[in-house]
Amino acid sequence: MPCRRKSPDTQRPSGLSVTEIRKTAIDAARKAGLLLKEHLGEARQIEFKGAVDLVTEMDKRAEALIISDLKVAFPDHGILTEESAEVKTSTGHRWIIDPLDGTTNYAHRLPFFCVSLAFETAGKVALGVVYNPMLDELFVAEPGKGATLNGRAITVSKTDALDRSLLATGFPYDLRTSKENNLDNFTLFTLRAQAIRRAGSAALDLSYVAAGRFDGFWEMKLKAWDVAAAALIVTEAGGRITDFTGGEFSIFGGRCLASNGLIHGEMLDTLLKKEIDIDL
């Protein structure tokens, strides 16, 4: 991997303390994650935002806990989160939060979910934190500083062929009503990859790409809070992220193709439905 530029750990150009930002984000993610873990399996209120799109009382409780901590530490920062109205400010600093990524899993007591926090300044994500409380796994990344899992550096896999790759994906919540639903891409990748997993948390799927557990990931109709933190973790671990055509990735673009870089071309070919020889 290329040598990364080290940046001072005392303050950002804006004067904000990097240490304070990172510590606040990590502490909030851990607190929310432990709250979710403690209440997994308990009776709870479940609401439907759509036919298959759920929100539980624990989404809201975890979100409230995170927002409370952020407002105490940074009262003038904006907040974009899944379950509440956006808080806009003129500071150029904003937190992008998914308090419970994997709500359907959580509602069914399936222990695969996470908390995701990203800090954005001047339109760029400057910190990504993803916490899996069930395994006590904390993924963190900052631009130019690499990505870590529980404090140890992580890198993407070295798998260099799609037919030897383990991929991850998900399906949009309007799967039943929209023709743009990822089923066609899923069929193509099923025939071309070694295997595919559909685990139910985009932020964890991307973090697992960063850690080399998955070789690639694709999904459509994602929201900023699904990908803001984990996308940075992937790129800082040496991976590549684009849209489905190979264009520049945006956390607001909806479509995400992430990989170890080595299989990215083959994944793009598949999404663009170019012919690839398959031995059946």
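The values are calculated or read from the model by the stated rules, or taken from the named source; none is laboratory data. From a predicted model like this one, the values you see are computed outputs, not experimental measurements. Please note: Cβ atoms are built from the backbone with ideal geometry, for glycine as well, and neighbour counts cover all protein chains shown.
Couple of notes before you dig in:
- Any hit, region 195-217, residues being farther than 30 Å from residue 119 by Cβ and not assigned by TED's automatic domain parsing to the domain that holds residue 101: yes
- Every residue from region 79-113 that is free of Cβ contacts under 8 Å to residues at least 24 places away in the same chain, of a type outside the set (S, T, N, Q) and touching a helix residue (DSSP H, G or I) at 6+ places or on another chain (Cβ under 9 Å): 79, 87
- Residue that is farthest from the chain's Cα centre (by Cα) [pool: residues in region 180-226 that are crowded, with 24+ Cβ neighbours inside 10 Å and of a type in the set (Gly, Ala, Ser)]: 216
- Residue list for region 151-172, restricted to those being hydrophobic (A, V, I, L, M, F, W, C) and surrounded by 19 or more Cβ atoms within 10 Å (Cβ to Cβ): 154, 156, 162, 167, 168
- All of (1) in contact with a helix residue (DSSP H, G or I) (Cβ under 9 Å, 6 or more places away or on another chain); (2) at pLDDT 95 or above; (3) surrounded by fewer than 19 Cβ atoms within 10 Å (Cβ to Cβ) hold for residue 175 with one exception: (2).
- Filtering region 103-113 for residues that are modelled with pLDDT of 95 or more, in contact with a strand residue (DSSP E or B) (Cβ under 7 Å, 6 or more places away or on another chain) and part of a strand (DSSP E or B) leaves an empty set.
- Cβ separations smaller than 6 Å between residues 6+ apart or across chains give the following pairs from region 234-259 residues that are of a type in the set (Asp, Glu) to residues that are part of a strand (DSSP E or B): 236/141; 236/147.
- Matching residues in region 124-145 - criterion: being touching a strand residue (DSSP E or B) at 6+ places or on another chain (Cβ under 9 Å) and either without any contact (Cβ under 8 Å) to a residue 60 or more places away in the chain or charged (D, E, K, R) (or both): 137, 142
- Residue that is modelled with the highest pLDDT, among those in region 57-82 that are part of a loop (DSSP other than H, G, I, E, B) and touching a strand residue (DSSP E or B) at 6+ places or on another chain (Cβ under 6 Å): 77
- Against the test of being in contact (Cβ under 8 Å) with a residue 12 or more places away in the chain, in the same structural domain as residue 57 (by TED's automatic domain parsing), among the hydroxyl-bearing types (Ser, Thr, Tyr) and surrounded by 18 or more Cβ atoms within 10 Å (Cβ to Cβ), the options 148, 121 yield a single qualifying residue, 121.
Condition check ((1) more than 18 Å from the chain's Cα centre (by Cα); (2) surrounded by 14 or more Cβ atoms within 10 Å (Cβ to Cβ)) across all residues:
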| site | (1), (2) |
| --- | --- |
| 72 | yes, no |
| 78 | yes, yes |
| 84 | yes, yes |
| 106 | no, yes |
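- Annotation note: Cβ proximity below 7 Å between a residue of region 168-191 that is outside the structural domain of residue 105 (by TED's automatic domain parsing) and closer than 27 Å to residue 210 by Cα and a residue that is aliphatic (A, V, I, L, M) and loosely packed, with under 12 Cβ neighbours inside 10 Å (sequence gap 6+ or interchain) occurs for 191/278.
- Pair list, Cβ < 6 Å and 6+ apart or interchain, from region 206-226 residues that are under 16 Å from residue 261 (Cβ atoms) to residues that are of a type in the set (D, E, K, R) and outside any loop (DSSP other than H, G, I, E, B): 217/205
- Matching residues, region 227-264, being farther than 20 Å from residue 193 by Cα and aromatic (Phe, Trp, Tyr): 249, 252
The rows are residues; the columns are (1) surrounded by fewer than 24 Cβ atoms within 10 Å (Cβ to Cβ); (2) at pLDDT 95 or above; (3) under 21 Å from residue 114 (Cβ atoms).
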{"residue": "229", "(1), (2), (3)": "no, yes, yes"}
{"residue": "254", "(1), (2), (3)": "yes, no, yes"}
{"residue": "268", "(1), (2), (3)": "yes, yes, no"}
{"residue": "272", "(1), (2), (3)": "yes, no, no"}
{"residue": "275", "(1), (2), (3)": "yes, no, no"}
